[in-house]
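Worksheet: one structure, shown below.
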There are 4 protein chains.
Amino acid sequence: MPGYEPADPNFESRVRSSFDRQEVNRTIGARLVKVAPGEVHIELPVRHDLTQQHGYIHAGITTTVVDSACGYAALTLMPEPMEVLTIEYKVNFLSPARGEKILAIGKVVKPGRTVTVCSGEAWAYGGGGRKQVAAMQATMIAAGR
Amino acid sequence: MPGYEPADPNFESRVRSSFDRQEVNRTIGARLVKVAPGEVHIELPVRHDLTQQHGYIHAGITTTVVDSACGYAALTLMPEPMEVLTIEYKVNFLSPARGEKILAIGKVVKPGRTVTVCSGEAWAYGGGGRKQVAAMQATMIAAGR
Amino acid sequence: MPGYEPADPNFESRVRSSFDRQEVNRTIGARLVKVAPGEVHIELPVRHDLTQQHGYIHAGITTTVVDSACGYAALTLMPEPMEVLTIEYKVNFLSPARGEKILAIGKVVKPGRTVTVCSGEAWAYGGGGRKQVAAMQATMIAAGR
Amino acid sequence: MPGYEPADPNFESRVRSSFDRQEVNRTIGARLVKVAPGEVHIELPVRHDLTQQHGYIHAGITTTVVDSACGYAALTLMPEPMEVLTIEYKVNFLSPARGEKILAIGKVVKPGRTVTVCSGEAWAYGGGGRKQVAAMQATMIAAGR
């Protein structure tokens, strides 16, 4: 990944403030753990109330945090006062999302004035190791506030 | 859509029992409202604790119910004792998910012994009308229990 | 599908003229067979020089005609002098692409000033019947000439 | 990417022989330039007869070579006598495919007995530099011959 130069020096506070306004993050326990130009990390605890029928985190909940990580990675490179919207994403599920926590990583692959393409990953941590559980390819759009 | 013939006459109770074991459905308030051969509907209330930064339902939460609708649509056509797993999906977001409730519709496009392809939609109901908010294309796999 | 109202009454000649400038269509033998508001059909002969290792039309060639059908379906609803570009697509392959000809159908699911979402299908005709071989979900963008 | 151990020591000759049976490769001028465990590279000349309306390589033709690169990357890790089929892929288009040649790179992200997930890229070379033109995420399946 190239080193990206943010258009807005306050990119981190814009991302943190937007993340805080996402009520769903409180509901599922998602926490923002890294905000860098073109890259954002979000952590999610593996909680029983977020599981599907086999006791793993539901694919849609994993998607929720990887989507946010990708969207905010795109937002780090957008000038004020633009906001970010998800146009679409595609996710492959590679392993069961179980263990202690999920780490979602979003990275910008190709920034653009209107359209930004991102790549996302989710990793399950547990038992001293980690395993990739999901891979996302996403398209984000910059929208005026 | 062709009329599908379920391999297992008890397809509905298998789907309902699996849906009930998904803890996440209680957490977000998702309800199973239709189970037919090759087609499943799930309803989600528009609740403040499921929103993103603009006050709409988060894309990942909409995805959660459309994924479940598609997965269970696939399961209606699978013989006992097979279970369904999501290999991957792709979702386009068409309009803000707001209003009173979201209806997720999952339909089988192509059933298969191993791989089943589904098509999903989410509709937002409010103010007396409805609007499509998401379109999914998903690949499901049959897995031995 | 709702009935769409084209912004440009000359939509058909714009689509036909753009299709004619696509050299690849001559190379693979693709023919434009229907241009309606929000819907375009393209035919492809099943030719030996377009096949993969099992003798079926290569997935990428099927994709080529479904992509064009979706892109031109989007273009039918765009005002002059906008042109259409493919941002991304996702394709599921449902059955081998063999027989006598492939019919690619592109339809607009959600038109937009900037972003248009389309749905595409490919059908293989042969032996008096037809079978769906591919399903596409695509995102198109309007670009100034 | 981890170092993968091929199940079949003759993986390269199986890939080369399958690639040679793909007639479409002769038609478009695609050449296999690297076959390693879990990674395959294919080159395509930028030829006028493969272009869309703006004179760039058509998205579907770029897709054709990235799909083959991903499929054969998956095949390098499959045991004899399995063959590979594309279940589905998603491609984002990042820049115009123009210049002198296109290099398609396919890599295995997650190998599996039945399902293998791959990641693909296409790069356009020209004027002494290179630019990424496409990013693919693909799902391949192992099929008995």
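Taken together, the values in this text are just the output of simple stated rules run on the coordinates, not laboratory data. All figures in this text were calculated on a predicted structure; none of them were measured in a lab. For neighbour counting, all protein chains shown are included, and Cβ atoms are generated from backbone atoms with ideal geometry for every residue, glycine included.
Odds and ends about this structure:
- Position A:G144, label points 7 Å along Cα→Cβ, spacing to each other copy in nm (shortest first, one decimal): 1.5, 6.0, 6.2
- Comparing A:P6, A:A36, A:Q22 along the charge dipole axis of the stretch A:1-54, the residue lying farthest to the positive side is A:Q22, per the Cβ-charge model.
- Entries of A:K131/B:K101; B:K34/D:K110; A:K90/C:K107 with Cα pairs more than 24 Å apart: A:K131/B:K101; B:K34/D:K110
- Using a 7 Å Cα-to-Cβ projection, D:S95 label spacings across copies, nm, ascending: 3.4, 3.9, 4.2
- Around C:Y4: net Lys/Arg minus Asp/Glu count, Cβ-Cβ under 10 Å: -1
- Net +/- balance of residues flanking D:H48 in space, Cβ distance below 12 Å, scoring K and R +1, D and E -1: +2
- Relative to the longest principal axis of the Cα atoms of chain A, the long axis of helix A:59-75 lies at roughly 20 degrees.
- Which of C:S17, D:S95 has the fewest Cβ neighbours within 10 Å, and the rest in rising order: C:S17, D:S95
- Helical contribution to [θ] at 222 nm, DSSP H n ≥ 4, -39,500 (n - 2.57), averaged over chain D, rounded to 500: -7000 deg cm²/dmol
- Evaluated at q = 0.10, 0.14, 0.19, 0.20 Å⁻¹, a Debye calculation over the C-alpha positions of the stretch D:11-143 (equal weights, vacuum) places log10 I(q)/I(0) at -0.29, -0.56, -0.99, -1.08.
- Selected from D:I87, D:A59, D:G126, residue furthest toward positive end of dipole (the stretch D:11-143; charges at beta carbon): D:G126
- Cβ-Cβ distance of A:A143 and D:R16, R₀ of 45 Å, FRET efficiency by 1/(1 + (r/R0)^6): the value works out to about 0.40.
- Highest-fluctuation residue, C:E23, C:E88, C:E39 considered, GNM on chain C with Cα pairs under 10 Å: C:E23
- Gyration tensor over the Cα atoms of the protein assembly as shown: the corresponding equivalent ellipsoid has semi-axes (square roots of 5 times the eigenvalues, largest first) of 33, 27, 26 Å.
- Nearest-0.05 FRET efficiency for B:E80 and D:S95, computed from C-beta distance (R0 41 Å): 0.25
- A Cβ-based charge dipole, computed about the Cα centre of chain B with Lys and Arg at +1 and Asp and Glu at -1, lands at about 260 debye.
- Taking Cα atoms only, the orientation of helix A:11-21 departs from the longest principal axis of chain A by about 50 degrees.
- Shortest-first distances to equivalent copies, position A:E23, nm, label 7 Å out along Cβ: 2.3, 5.7, 6.0
- Förster-model FRET efficiency, 30 Å R0, D:E23 and D:Y125, C-beta, rounded to 0.05: 0.75
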